1. So Ile60 clears everything in (1) among the hydrophobic types (A, V, I, L, M, F, W, C); (2) modelled with pLDDT of 95 or more; (3) under 18 Å from Leu161 (Cβ atoms) except one condition, right? Which one?
2. Any residue at all in segment 187-204 that is part of a helix (DSSP H, G or I), out of contact with any Lys or Arg (no Cβ under 9 Å at 6 or more places or on another chain) and at pLDDT 95 or above?
3. For segment 168-200, which residues satisfy the criterion of being under 20 Å from the mean Cα position of the chain (by Cα) and either among the aliphatic types (A, V, I, L, M) or within 24 Å of Leu105 (Cβ to Cβ) (or both)?
4. With the requirement that a residue be at pLDDT 95 or above and either among the charged types (D, E, K, R) or in contact with a Cys (Cβ under 6 Å, 6 or more places away or on another chain) (or both), what does segment 205-230 give you?
5. I need the full set of residues from segment 180-236 which are among the charged types (D, E, K, R) and out of contact with any Pro (no Cβ under 9 Å at 6 or more places or on another chain), in order please.
6. What are the residues in segment 205-228 that are assigned to a strand (DSSP E or B) and either polar (S, T, N, Q) or surrounded by fewer than 17 Cβ atoms within 10 Å (Cβ to Cβ) (or both), if any?
7. Within segment 259-277, is even one residue small (Gly, Ala, Ser) and part of a helix (DSSP H, G or I)?
8. Do we have any residue at all in segment 6-16 that's exposed (fewer than 13 other Cβ atoms within 10 Å of the Cβ) and modelled with pLDDT of 90 or more?
Amino acid sequence: MVTLACRPGPNWPPLTRRRCLAGLAATSFGLRGDLARAARPPRIACLEWTSAEMVISLGIGPVAVADTKGYRDWVAGPALPAGCIDLGSRGEPNLELLLELKPDLITGAYGYGLDEAPFRRIARLHTVPFYDGTEAPYRQAETETLKLGSQLGREAEAQRLIQEATATIAEIRGRFSERTKRPLAVVSMFDDRHVRVYGKGSLFQDVLDRLSLTNAWTAPTDSWGFAVLGIEELVAIGEARLISLDPIPLHVKIRIDQSSLWANLPCVKAGNVRTIPPVWPFGGLAAAARFATFVARA
């Protein structure tokens, strides 16, 4: 998984408690246990983007998220609330800032290799165990949505999110004709010679299955549901549709547009390449519905 660092630089103004908390929009919601009886609305800090997406999808604006710029570039929706504070890198969130913010709940996700102990000393920690092998990603997204909804006192919102994602995907499935059902492959481009292609074990594969679409990439993938391969290996998908996720770094796009290797791929020569807006490949139900929507438009 790509980690984009966005930590405060040397010229960043010093943070005081007043500055950290200024401008944060208070949102009334309940948490189970002691937090449900708190006099003020609880605050949630998210150490990475998957749990941030889930929290926002349940109608709660986190006060802080790690690498907010990266979230806006790579996740995009649902949007971060105005005034959301950047906690620094997802690989090394700012503990001092977390202490300043005094969150009531800190959320994280499986797979980031963070030592949980420092965060547990600051506040209650809720970890979302996506891609731990216990369930397929979409099914696990449903399970974890219900768990987080219970933790936050948002059971009704969690049920609604599950129902809306299911309904969105079912409605989109009905739009595809035999022509638009032809196989497709989904990739992310990080340089001009390699792509990340998503297959078995990915959230995207689960969504394609629910859309009754065939993934043109059937080769093995890793435990996160993707494989990294040379661009020339995309010859294996023939003239199948190729869907590329934004963002594509500008310097990479320029080099790809000038690449004869890319230009000679059967799918490129056939004009079957489409680019869709950002979707977080390791997200929850909001990402699943967002992906289905963009595939239908591609």
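The values are calculated or read from the model by the stated rules, or taken from the named source; none is laboratory data. These figures come from a predicted structure and were not determined experimentally. FYI the Cβ positions are ideal-geometry reconstructions off the backbone, even for glycines, and counts take in every protein chain you see.
1. The one condition Ile60 does not meet is (2).
2. Within segment 187-204, the subset part of a helix (DSSP H, G or I) is 203-204.
When the remaining residues are screened for being out of contact with any Lys or Arg (no Cβ under 9 Å at 6 or more places or on another chain), the result is 203-204.
Add one more test, that the residue is at pLDDT 95 or above, and what stays is 203-204.
Yes, there is a match, as at least one residue in segment 187-204 is part of a helix (DSSP H, G or I), out of contact with any Lys or Arg (no Cβ under 9 Å at 6 or more places or on another chain) and at pLDDT 95 or above.
3. Of the residues in segment 168-200, the ones under 20 Å from the mean Cα position of the chain (by Cα) are 168-169, 185-190, 195-200.
Across segment 168-200, the qualifying residues are Ile169, Ala185, Val186, Val187, Met189, Val195, Val197.
4. Matches in segment 205-230: Asp206, Asp209, Arg210.
5. If we filter segment 180-236 for residues that are among the charged types (D, E, K, R), which is where we start, we get 181-182, 191-193, 196, 200, 206, 209-210, 222, 232-233.
Answer for segment 180-236, where residues must be among the charged types (D, E, K, R) and out of contact with any Pro (no Cβ under 9 Å at 6 or more places or on another chain): Lys181, Arg182, Asp192, Arg193, Asp209, Arg210, Asp222, Glu232, Glu233.
6. Keep residues of segment 205-228 that are assigned to a strand (DSSP E or B), which gives 215, 226-228.
Selection gives Asn215, Val228.
7. First, the residues of segment 259-277 that are small (Gly, Ala, Ser): 259-260, 263, 270-271.
Add one more test, that the residue is part of a helix (DSSP H, G or I), and what stays is 260, 263.
Yes, because at least one residue in segment 259-277 is small (Gly, Ala, Ser) and part of a helix (DSSP H, G or I).
8. no
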